[in-house]
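Undergrad: I have a structure here, written as structure tokens, and I will follow up with some questions on it.
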Amino acid sequence: MTNVTIIFYSMGGTNVQLAKWAKEGAEQAGANVRLVKVEELAPESVINSNEGWKNTVESIKDIPSATSDDIEWADAIIFSVPTRFGTMPSQMKQFIDMQGGLWANGKTVNKVVSAMTSAQNPHGGQEATLLSLYTAMMHWGAIIATPGYSDPVVFGAGGNPYGTSVSVDQDGNMVEDVEAAVKYQAKRTVTVADWVKQGQA
Ligand SMILES: Cc1cc2nc3c(=O)[nH]c(=O)nc-3n(C[C@H](O)[C@H](O)[C@H](O)COP(=O)(O)O)c2cc1C
């Protein structure tokens with residue numbers, strides 16, 4: 001079976017939901033899935049100053065924190081992060097930066113990777129955020145599997161070929177209906193990872 005790690009960061013819950021949909025999609029495609037979060041770096045006082053952020057932390061307390069083993073174990077990795085000024089959040093960057101040991105031992109090479117994101121605005125930096133993740137992945141020697149326009153479901157979710165993205169309203173609710181696109185992206189990632197595994201075998 002193909003091993004998939006779904007790794008997310010979220011303060012408001014949007015990327016928790018995207019990650020959970022991706023888990024469903026990957027499992028439907030027959031993968032073994034680990035759903036993990038990256039560690040919070042913001043001070044507790046900041047998190048506690050916002051009810052929504054506090055609720056998110058509480059709601060994901062039982063989801064394990066990502067470790068290097070989750071990367072080494074995976075044939076495919078799906079990332080989900082909010083846009084932070086047009087780039088990935090420092091929490092995810094910190095996790096990626098902690099994988100230097102794996103990278104130095106060639107353990108990040110040939111991982112099939114794909115990414116999703118959310119932002120407040122429909123043009124708030126989604127593509128740039130995904131590119132920031134994919135730039136790091138090129139250094140890992142990973143194989144980037146984007147949805148492109150490989151299925152009509154992508155158009156229905158706003159048409160982002162870099163990876164599924166969604167905007168959120170003032171209350172933090174998703175504006176576009178992206179569930180089917182997320183599940184499609186996860187299935188496609190598993191399919192590409194299957195091909196790579198079979199090719200290597
Ligand atoms: C520090 C910070 C920077 C942000 N930068 C942007 C931005 O550049 N563009 C944008 O549209 N939204 C921006 N947002 C809004 C978040 O991207 C949005 O709330 C997020 O996608 C929600 O994801 P989450 O619920 O998983 O935390 C920013 C939010 C924060 C806290």
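Undergrad: Please compute, for the alpha-carbon atoms of the chain, the extent along each of the three principal axes and give them in descending order in Å.
TA: On the principal axes, the chain reaches 51, 39, 27 Å in Cα extent.
Undergrad: Restricting to bridges with both residues inside region 3-200, how much of the DSSP beta-bridge set is antiparallel, in percent to the nearest 5?
TA: 10
Undergrad: Here is a further query. Taking the Cα centre as origin and putting +1 on Lys and Arg beta-carbons and -1 on Asp and Glu beta-carbons, what dipole magnitude results for region 29-147, to the nearest 20 debye?
TA: With only Lys, Arg, Asp and Glu charged at Cβ, the dipole is about 220 debye.
Undergrad: Assign one of three labels to region 156-201, namely rounded, prolate or oblate, based on the Cα gyration tensor with a ≥ b ≥ c the square roots of its eigenvalues; rounded applies when a/c is under 1.5, prolate when it is not and a/b is larger than b/c, and oblate otherwise. Kindly include the intermediate steps, with their values, before the conclusion.
TA: Values: a/c = 3.87, a/b = 3.47, b/c = 1.11.
Prolate.
Undergrad: Could you give me the ³J(HN,Hα) list for region 175-192, computed from phi with Karplus coefficients 6.51, -1.76, 1.60 and θ = phi - 60°, whole Hz, x at Gly and Pro?
TA: In residue order, the calculated couplings are 8, 8, 8, 10, 4, 5, 5, 4, 5, 4, 4, 5, 5, 5, 4, 5, 4, 5 Hz.
Undergrad: Contact order normalised by length for region 1-138, with contacts defined as Cα pairs under 8 Å and 6 or more residues apart; what percent is it? Kindly include the intermediate steps, with their values, before the conclusion.
TA: Working: 219 pairs, mean separation 39.8, N = 138.
So the answer I get is 29 percent.
Undergrad: Across region 3-17, in residue order, what do the Karplus-derived ³J(HN,Hα) couplings come to in whole Hz, using 6.51 cos²θ - 1.76 cosθ + 1.60 with θ = phi - 60° and x for Gly and Pro?
TA: Whole-Hz 3J(HN,Hα) from phi for region 3-17: 8, 10, 9, 10, 10, 9, 10, 7, 10, x, x, 4, 6, 5, 5.
Undergrad: Now for a different question. For every other residue with a beta carbon closer than 11 angstrom to the beta carbon of Val46, add +1 if it is Lys or Arg and -1 if Asp or Glu, then tell me the sum.
TA: Overall, the nearby charge balance is -1.
Undergrad: Do any of Lys61/Lys197; Lys23/Lys93; Lys107/Lys183 go past 31 Å between their Cα atoms, and which?
TA: Exceeds cut-off: Lys61/Lys197.
Undergrad: Hey, another quick one. Using the structure shown, select from Lys54/Lys187; Lys54/Lys111; Lys111/Lys187 the pairs with a Cα to Cα distance greater than 27 angstrom. Each step should come with its number before you reach the end.
TA: Values: Lys54/Lys187 32 Å; Lys54/Lys111 33 Å; Lys111/Lys187 15 Å.
Check vs 27 Å cut-off fails for Lys54/Lys187; Lys54/Lys111.
Undergrad: Now, a different point. Run the helix sum for the chain: -39,500 (n - 2.57) per DSSP H stretch of 4+ residues, divided by residue count, reported at 222 nm to the nearest 500 deg cm²/dmol.
TA: -13000 deg cm²/dmol
Undergrad: Positive end of the charge dipole of region 3-200 (Lys, Arg +1 and Asp, Glu -1 on Cβ, about the Cα centre): tell me which of Ala186, Gln99, Gln126 has its Cα farthest that way.
TA: Gln99
Undergrad: Working out 0.36 nm times the residue gap between Asn50 and Asn32, then minus their Cα-Cα distance, what length gain in nm do you get to one decimal?
TA: 3.0 nm
Undergrad: Please list, in chain and number order, the residues 5+ apart from Val112 or on another chain whose amide H is under 5 Å from its amide H, with Hs placed from the backbone.
TA: Ala76, Ile77, Ile143
Undergrad: Quick one: what are the phi-derived ³J(HN,Hα) couplings along region 86-94, Karplus 6.51/-1.76/1.60 with θ = phi - 60°, whole Hz, x for glycine and proline?
TA: Computed from phi, the couplings for region 86-94 are x, 9, 5, x, 4, 4, 6, 4, 4 Hz.
Undergrad: With loop defined by DSSP as not H, G, I, E or B, and exposure as at most 12 other Cβ atoms within 10 Å, which is the longest segment of the chain clear of exposed chymotrypsin sites (Phe, Trp or Tyr not before Pro)?
TA: With a cap of 12 other Cβ atoms within 10 Å, the longest stretch comes to 1-84.
Undergrad: With springs only between Cα atoms under 10 Å, which of Lys107, Lys37, Lys23 fluctuates most in a Gaussian network model of the chain?
TA: In this elastic network of the chain, the residue with the biggest mean-square fluctuation among Lys107, Lys37, Lys23 is Lys107.
Undergrad: Which of these, Ser167, Ser114, Ser49, has the largest mean-square fluctuation under a Gaussian network model of the chain (Cα springs below 10 Å)?
TA: Highest fluctuation of the listed residues: Ser49.
Undergrad: Another question about this same structure. Given H placed on each backbone N at 1.01 Å, which residues far from Ser118 in sequence or on other chains put an amide H within less than 5 Å of it?
TA: Val81, Thr83, Val166
Where a number appears in this text, it was derived from the coordinates with a stated rule and is not lab data. It should be emphasised that the depicted structure is a prediction, and the values quoted were computed from it without experimental measurement. Because the Cβ atoms are built from the backbone with ideal geometry, glycine has one as well, and the counts that use them run over all protein chains shown.
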